[in-house]
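What follows is a short report on a single structure.
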Amino acid sequence: MEEQLVRLLAETQSSQQVPRKQAELQLQQLYNEEAFPIGLASVASHDSVPVDIRQSALLALKTFVLGAWTPQFDEFKGRVLVSDENKRRLRHMLLELATSGKEERKIKSAASYVISKIASSDFPDEWPDLLPTLLRVIPGGTDSQLHGALKVLSDLVEDCLNEDQFFSVARDLVKVVYDVAVNEARKPTLRALAVSVFRSCFNTLEMVMEDHKTAVKGFAEEALNAWIPFFVEVLKSRLPPPPPEDEEIHESNSANTYRGLVALKLQVVKVLVRIRTLFPATLSPQSPVLFSATWEELSSLQDSYHEMYIEDERQGRLEDADGLPYTLDFLVLEELDFMQACLRAPPVRKELQQQLAAQTSANGGRHSTWVTEVMKFAVAYAQITTEEEGLWDIDVNIFLSEETNITANYTARTACGDLVIKLGEWLKEATVDGLLSHTRSLYSENTDWKAKKAALYLLNQLLGDFSDVNKQVSASAANGYTDFIRYAMQEENAFLRARGYLVAGSLTRTSGEALHQ
C-alpha cells in the first residue's frame, strides 16, 4: 500500500486538475482500508521519500484522524475507522517520528500537529505516557529530539491540558523548559521554542485565574522569580551584525545563528508583554530595568534596521516552520510595543519624571531631555521602508488606507505613532517640545526626506490624538512647526509634500487661533 500512497500523494500535488482530483478521490476511497492510516504514517517516516510527499502524508493523516478517529471531533464523518490496536500503533509511530534524532523540522512540525489532534481526545486516558515521555526526552535529548519534543509539548499545552492536568505537571513542565531556555549550549532557536512553551502556559493561567486567583498568582510569582533575571540578561545581550543577504538566502551558519538570537529575543519580549497584561503588579518592580534594557536595544538596532529596511529591501515578517518569527522588523515592533506598555508602570513613570525635572532645571528649558532621545529613535523607526515606498508608488490607495487607519497592517511606523501618542497623553508639553527639538535638528542637518517625513508623521499622529480629546498645542509650538510644514509642502518628493499638507490641516485644527493669520 505504501507505494500506492506515495504515487497518489504525488498526484495530489499535480498542477493538472483532473489527475489531482482523481488522486484525492482515490485517497478518500482508501479510508475503509485498515492499513490506510498506518501506511500514511510509514510513508511519513521513510527517509527515502521526498520531504514534500512525507509532509503531504501527514496532512492526509490529519484529515483522516479528524474525520474517522473519534465522535469528539467536529469534522467526524459518522464512523470510527481505526481499531484500538492501530490507534496505539499510530500514537507510537507519530511520537517516534516527532522525537527522532533526525534533522527534519518540517516533518516534526507536521507530525506534532497530528499528535496534538489525537492527544486532544486521547490524553491522558488513552495516552497516559505522552507527557512523561516528553519530559524525559527534553533534558537529555539531542537537538533534533529536543526540537520535536518541544514542538509536541507546545501543542499539548496550547490545545490539550485542562486546568487539573496543567497544575498537576506545571512545576515540572516549567522547570524543564527553563533549563532549555537558559542553556547557552543549545541552539538559540530551541531556546526560543522553550520560551514560547512557557508563554503558552500563561494562556492556561488566564483561563483559570478567575476561579483560582491565589493559586495562579502564587505559581506565577514563583516561576517568574527564576525567569525574570534570564529575561533581563537576554534583553541586555547585543545581537551580532546582520548577515549579508546572500548568506540569509543560503542559510549559512552565521545567518541561522542570527535568526535564532532574534527569535529568542522576540519570544522573551512576547512573554514579558503577556506577563505585563496578566500580572502587572508582579512585573512592576522589574519594569525600570526592563524599560531601560529595551530602550538601549532599540537605540543599538537603529543602524541595522535602517540598512536592511529603509535603504535596502530585505524580506521581513518571516516565521520559521514552527511559527517562530525571526526577522529584525518583528523584534523592533515587539520591543516598541513593550516599551509603550512599560510607560504605564508606576516605577518607570516615577523615575522618568524625576529625570525630566532634573534635565529641565539643568538646561533651563525642555529641549535636551530623555523625551527628545525617545523622539530620535521613534523618528528612526517611523521612516517608510523601501517596500512601502514601492507599494505607495504603484497604488496611492495603500497610502490612503494607512493614513485613515482602515488597514490591519501594523508596522514599526504605526507602533512609533502609538508610542508618541502615549507619551503625549502623559507629558503633553514635553512630548510636543521634544519632537519639535528633534525636528529642528533634522532640518538643520539636511537629512534624508524619509526622516523629515517621519518626524511630521509622528506630529500628525500626536495632533490627531489631541484633536480627538480636544487638547491644543501652544502658540509657540504651532509657530515653531510652520517653517518645516511650509518646507515640506514645497518639496519635490510627493510623499513629503503630502505629509506637509496633512500636518498643516491637523495643526490648524489643534492650535486655536495661533495660525489664523
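The values are calculated or read from the model by the stated rules, or taken from the named source; none is laboratory data. Everything numeric here is computed off the predicted structure, so don't read it as measured data. Heads up, the Cβs are rebuilt from the backbone with ideal geometry, glycines too, and the neighbour counts pull from every protein chain shown. Calculation scope for accessible area: heavy atoms of the full protein, side chains included, ligands and nucleic acids excluded. Shrake-Rupley method; radii C 1.70, N 1.55, O 1.52, S 1.80 Å.
One table, with the values for the structure above:
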read-out: Residues satisfying the stated conditions in region 151-204, i.e. closer than 26 Å to Glu103 by Cβ and among the basic types (Lys, Arg); value: Lys151, Arg186, Lys187, Arg191, Arg199
read-out: Single unsatisfied condition, Asn470 versus (1) over 28 Å from Phe338 (Cβ atoms); (2) part of a helix (DSSP H, G or I); (3) not aromatic (Phe, Trp, Tyr); value: (2)
read-out: Residues within region 8-26 that are part of a helix (DSSP H, G or I), open to solvent by 20 Å² or more (accessible area, probe 1.4 Å) and touching a residue at least 12 places away in the same chain (Cβ under 8 Å), tallied; value: 4
read-out: Scope region 440-493; condition open to solvent by less than 60 Å² (accessible area, probe 1.4 Å) and free of Cβ contacts under 8 Å to residues at least 24 places away in the same chain; matching residues; value: Ser441, Thr447, Met489
read-out: Contacts under 6 angstrom Cβ, first residue in region 215-244 being free of Cβ contacts under 8 Å to residues at least 24 places away in the same chain, partner of a type in the set (Gly, Ala, Ser) and open to solvent by 10 Å² or more (accessible area, probe 1.4 Å), 6 or more apart; value: Pro243/Ser254
read-out: Whichever residue in region 76-98 is open to solvent by 20 Å² or more (accessible area, probe 1.4 Å) and assigned to a loop (DSSP other than H, G, I, E, B) and, among such residues, is nearest to Tyr113 (Cα to Cα); value: Phe76
read-out: Candidates Ala455, Ala451, Ala498 - the one that is under 22 Å from Thr414 (Cβ atoms) and more than 30 Å from the chain's Cα centre (by Cα); value: Ala498
read-out: Ala454 closer than 16 Å to Tyr381 by Cα and touching a Lys or Arg at 6+ places or on another chain (Cβ under 9 Å); value: yes
read-out: Residue within region 406-417 that is of a type in the set (A, V, I, L, M, F, W, C), surrounded by fewer than 18 Cβ atoms within 10 Å (Cβ to Cβ) and under 19 Å from Leu515 (Cβ atoms) present; value: no
read-out: Hits in region 142-165 (condition: of a type outside the set (Val, Ile, Thr) and buried (at least 19 other Cβ atoms within 10 Å of the Cβ)); value: Leu146, His147, Gly148, Ala149, Leu150, Lys151, Leu153, Ser154, Asp155, Leu156, Cys160, Leu161
read-out: Every pair of residues 6+ apart whose Cβ atoms lie under 7 Å, when the first sits in region 378-402 and is free of Cβ contacts under 8 Å to residues at least 24 places away in the same chain while the second is of a type in the set (Val, Ile, Thr) and not in a helix (DSSP H, G or I); value: Ser401/Thr407
read-out: Complete set of residues in region 175-219 that are of a type in the set (Val, Ile, Thr), open to solvent by less than 10 Å² (accessible area, probe 1.4 Å) and farther than 22 Å from Ala321 by Cα; value: Thr204, Val208, Val216
read-out: Among residues of region 99-145, those that are in a helix (DSSP H, G or I), touching a residue at least 12 places away in the same chain (Cβ under 8 Å) and farther than 23 Å from Val43 by Cα, counted; value: 11
read-out: Evaluation of Leu40 against (1) buried (at least 22 other Cβ atoms within 10 Å of the Cβ); (2) more than 35 Å from the chain's Cα centre (by Cα) (one fails), failing number; value: (2)
read-out: Count - residues of region 382-420 that are part of a loop (DSSP other than H, G, I, E, B) and of a type in the set (S, T, N, Q); value: 7
read-out: Selection count, region 243-270, where residues are surrounded by 21 or more Cβ atoms within 10 Å (Cβ to Cβ) and among the β-branched types (Val, Ile, Thr); value: 3
read-out: Filtered residue count, region 217-272, keeping only those that are aromatic (Phe, Trp, Tyr) and under 18 Å from the mean Cα position of the chain (by Cα); value: 2
read-out: Residue within region 82-90 that is more than 30 Å from Ala185 (Cβ to Cβ), in contact with a Phe, Trp or Tyr (Cβ under 9 Å, 6 or more places away or on another chain), at pLDDT 95 or above and among the small types (Gly, Ala, Ser) present; value: no
read-out: Every residue from region 375-399 that is open to solvent by 10 Å² or more (accessible area, probe 1.4 Å) and either in contact with a Cys (Cβ under 8 Å, 6 or more places away or on another chain) or of a type in the set (A, V, I, L, M) (or both); value: Ala380, Leu391, Ile394, Val396, Ile398
